[in-house]
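What follows is a short report on a single structure.
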Amino acid sequence: MNSDELKDTVKVVRNWLVEARDNVLRKIDSRLKVDTKSGRSDLVTNIDRANEQFFVSKIRQFDPEAKILGEEGFGDQVDNIDGRIWIVDPIDGTMNFVKQRNHFAMMISLYIDGQGVLGFIMDVINNELLYGGPEYGVYLNSTKIDEVKNTNLSDGLIGLSGPLVINDNFHMQDIAQTSLGMRIYGSAGIDMISVFKGELIGYISYLKPWDFGAGKIFAETLGLKMTTIDGQQLGVLSSKPVLLATENAHRDILTIVKK
Ligand code: IPD
Ligand code: CA
Ligand code: CA
Ligand code: CA
């Protein structure tokens, strides 16, 4: 995409997110319709569905040839990385949304032939939007993020997912103990915004494409590393335990994982 197309796309997607945020805030005190998916902690609400339908219809109008991969199934069946793929997580942190009406995000990303082009993560309640990509740069609202300090694991806070810590998968408790402290925010989007703001030195969770699509683009742009938990390359359509961290913390964590 040339720079005019990039600018135009950023402007358009930011408008979708502003509109979607208004829609969510308008309904935030309403009674939610909550359904379970794979188990009692895997929830979907009428707002997740309405948001995804909203984004899918906007994307179809704007980019009719593209494929759409959406968590709640209103997009397409996507089984290869060819061409333009929009990835949508309409509400990330649905449990937080249901229980706290806070600490949740909306995430959108665009890949072309498997290469990340633009990502968007919006913290709905704080009205913080992280957006951009390798050719555009990464911005938090209107402030450009140039670099994230390359902190070691022992000098920072690490964001983890609850199930990985409870089950001590991949020596997660050792990783937490080596760090200055662990945080469990319950939304990959909120965790990743914190990493790119330099508040966390990394984040580890089992993730699907809609959970990591935008974050992977920011990581690649800002010199952080996002790989599978054992340090392998993360394909955009994979569902795997994912490790996002500063270069130093990534090295420190891999040493513990491989013990
Ligand atoms: C989940 C959240 C959670 C993470 C899970 C995700 P959802 O997304 O980001 O923090 O640990 O792996 O599935 O289902 O609320 O969009
Ligand atoms: Ca979900
Ligand atoms: Ca998610
Ligand atoms: Ca979701």
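Would you check if Lys67 is among the basic types (Lys, Arg) and in contact with a helix residue (DSSP H, G or I) (Cβ under 7 Å, 6 or more places away or on another chain)? In short, no.
Taking (1) without any contact (Cβ under 8 Å) to a residue 60 or more places away in the chain; (2) within 16 Å of ligand 1 (Cβ to nearest atom); (3) of a type outside the set (Phe, Trp, Tyr); (4) closer than 22 Å to Arg14 by Cβ in turn, Gly119 satisfies each apart from (1). Checking each residue in the range 125-156 for being touching a residue at least 60 places away in the same chain (Cβ under 8 Å) and in a strand (DSSP E or B) picks out Glu128, Leu129, Leu130, Tyr131, Gly132, Gly133, Gly137, Val138, Ile145. Here Gly83 meets the list (1) crowded, with 20+ Cβ neighbours inside 10 Å; (2) more than 14 Å from ligand 3 (Cβ to nearest atom); (3) among the small types (Gly, Ala, Ser) almost entirely, failing just condition (1).
When the range 71-99 is limited to residues that are part of a loop (DSSP other than H, G, I, E, B) and of a type in the set (D, E, K, R), the one that is nearest to ligand 2 (Cβ to nearest atom) turns out to be Glu71. Residues that are surrounded by fewer than 24 Cβ atoms within 10 Å (Cβ to Cβ), at pLDDT 95 or above and away from ligand 3 (no atom under 16 Å from the Cβ) are absent from the range 200-217. Could you check the range 96-112 and list, in sequence order, the residues that are hydrophobic (A, V, I, L, M, F, W, C), closer than 21 Å to Glu128 by Cα and surrounded by fewer than 24 Cβ atoms within 10 Å (Cβ to Cβ)? If the condition is that a residue be hydrophobic (A, V, I, L, M, F, W, C), closer than 21 Å to Glu128 by Cα and surrounded by fewer than 24 Cβ atoms within 10 Å (Cβ to Cβ), then Val98 is the only one that fits. The listed residues are Gly93, Gly75, Gly116, and the only one of them that is in contact with a helix residue (DSSP H, G or I) (Cβ under 7 Å, 6 or more places away or on another chain), in the same structural domain as Ser30 (by TED's automatic domain parsing), surrounded by 15 or more Cβ atoms within 10 Å (Cβ to Cβ) and under 16 Å from Ser238 (Cα atoms) turns out to be Gly116. Applying the condition of being over 17 Å from Lys27 (Cα atoms) and acidic (Asp, Glu) to the range 50-106 and asking which residue is nearest to the chain's Cα centre (by Cα) yields Asp89.
The values are calculated or read from the model by the stated rules, or taken from the named source; none is laboratory data. Just so you know, these numbers come straight off a predicted model, no measurement behind them. With ideal geometry, Cβ positions are generated from the backbone for all residues, glycine too; neighbour counts draw on all protein chains shown.
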